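Student: One structure, as structure tokens, below. Some questions next.
The values are calculated or read from the model by the stated rules, or taken from the named source; none is laboratory data. Quick caveat: nothing in here was measured; it's all calculated off a predicted structure. Because the Cβ atoms are built from the backbone with ideal geometry, glycine has one as well, and the counts that use them run over all protein chains shown.
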């Protein structure tokens, strides 16, 4: 299990760095333009298994190389870098655009919006390349949407592995569900203990 | 119970004046739309439905996806017939309306009523279909009204481009005696949901066919939805409870059988050795579960041969068999209660052990124990003195209290 990085792997364990896949909420992962519904879930694995796509991989529909992958996390994470293993024969994605903490992005949204960061990818069949993020912008990521607009000329786009490197905080972004605002206070809602039990204080 | 947002595209072009569907195509279409809205909102209370018209002056959204059935039905009033249907624009506007739905978790679905001829070519329609598929929008097409070969081909091509995993459907409804809505009830457009849709559909079908109120619980879901919902929920709860009870009963029945078999085994051996072998009660007092298979086999064999009272019911048979021996009966009663592991049982046991005669009779029946043995005698004496001491102690405080 040799790491082909140019650092000395004995100092740290490579696989533990790429362990953000444990914090992905797999049931809510979704993709647009995937040929087989649900195949996107097989793309998140441990670092050692990154080249082992026996359980399936993500492929786009025939003749259409665009893909959108929506990845929600179980808690906020700080994302340091991303690694993508594509397919052979020009089916690897060529560009990647990332959007953070937005729900329900589809292709027209993705094409019109400015991404938080965008990368030009190269064919990375051994999974040794990582694309670093502008860390300051990826400090509290509740979910991330990756848009792959085109590939290296193949008929479809294939993605065999998506690796995420970073740290997970234990915080969660809570969406405020229901708030009741008072336009004018209703005194009956604000009875003090003194008022109900007798006493000098009053609520005006 | 799929969570879904649906946009229904209505054809209100000039071709809808025709009377080949009763009373006219437009009215038949409106009835079908009402039925679909009802089915969708019933199958999942969070489903939303919206409506737009494709002809007239242009594509117009009458109501954006909402779960308010009243609003949807109200907007169907006062629609005017005229103009030409614009299928491509209609579908694209529907897609836009779905894109801006409030709850992004809902699946997107478009239902198109195509009554007039389709003027777009196949290529354009296929392009639209592929775009829908890419954005995971499902499409249901109701092909009625004008019939020509081209129209069917184009619509089939559109469906093929959209279809992803059989989530999209097409239905061809030729003009005939049965109403458009009746034909649609049995199609996957209604039943595609699974249970919820078909429940409503079955109720509606029964109402249509039978007359009065063939609704599920005799309550019209439209008139009183809360009552219908309450009835449905309580029915399901009842069903779940009955299933749990049935399961429990089955378990208990199997346990009882086991227990009965053991008791019949004891019983059979009792009838065999009524007077002689009183070590049985001791065995029984220990644990019923201990001496399993051998006894069981023996008992079964014996109960096969034995014509006397070795049948099922525990208590009565036991008392019959051991009517002779008073001690045995006591022991039997003890063993019967032993399964429950009663507290009082324990004290009974202690009392019995303290009872001199009982102990001696048991000891007499034990093989290898001679009551005349000095050790045994000492033991008995000590036990007796202990019990006497206890009695004296009890008496003493009582006497003091009396004083």
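Student: Looking at B:112, B:93, can you tell me which residue is touching a strand residue (DSSP E or B) at 6+ places or on another chain (Cβ under 7 Å) and over 28 Å from residue B:22 (Cβ atoms)?
Tutor: One residue alone meets the criteria, B:93.
Student: Looking at residue A:77, is it out of contact with any helix residue (DSSP H, G or I) (no Cβ under 7 Å at 6 or more places or on another chain), under 29 Å from residue B:107 (Cβ atoms), touching a residue at least 24 places away in the same chain (Cβ under 8 Å) and not in a loop (DSSP other than H, G, I, E, B)?
Tutor: no
Student: Can you tell me which residue is surrounded by the fewest Cβ atoms within 10 Å (Cβ to Cβ) among those in region B:131-152 that are away from every other protein chain (no Cβ under 14 Å) and within 44 Å of the chain's Cα centre (by Cα)?
Tutor: B:152
Student: Here is a follow-up. So which of A:77, A:69 ends up being buried (at least 21 other Cβ atoms within 10 Å of the Cβ), within 14 Å of chain B (Cβ to nearest Cβ) and under 12 Å from the mean Cα position of the chain (by Cα)?
Tutor: Only one candidate passes the filter, namely A:69.
Student: Here's another thing I want to ask about it. What are the residue pairs meeting all of these: first residue in region B:157-171, first residue more than 14 Å from every other protein chain (Cβ to nearest Cβ), second residue surrounded by fewer than 19 Cβ atoms within 10 Å (Cβ to Cβ) and not in a loop (DSSP other than H, G, I, E, B), Cβ atoms under 6 Å, and 6 or more apart or on different chains?
Tutor: From region B:157-171, the pairs are B:157/B:122; B:157/B:126; B:169/B:188; B:170/B:159.
Student: For residues that are surrounded by 19 or more Cβ atoms within 10 Å (Cβ to Cβ), within 14 Å of chain B (Cβ to nearest Cβ) and within 16 Å of the chain's Cα centre (by Cα), scanning just region A:30-55, find the one that is farthest from residue A:167 (Cα to Cα).
Tutor: This residue is A:32.
Student: While we're here: Here is a list of conditions, (1) under 17 Å from residue B:93 (Cβ atoms); (2) surrounded by fewer than 21 Cβ atoms within 10 Å (Cβ to Cβ); (3) away from chain A (no Cβ under 14 Å), and residue B:114 meets all of them except one; can you say which number that is?
Tutor: It fails just one condition, (2).
Student: Residue check: is residue B:90 modelled with pLDDT under 95 and more than 14 Å from chain A (Cβ to nearest Cβ)?
Tutor: no
Student: In the set A:35, A:31, which member is under 27 Å from residue B:166 (Cα atoms) and modelled with pLDDT of 90 or more?
Tutor: A:31
Student: Scan region B:1-20 residue by residue and report those that are farther than 12 Å from residue B:144 by Cα, more than 42 Å from the chain's Cα centre (by Cα) and surrounded by fewer than 18 Cβ atoms within 10 Å (Cβ to Cβ).
Tutor: B:14, B:17, B:19
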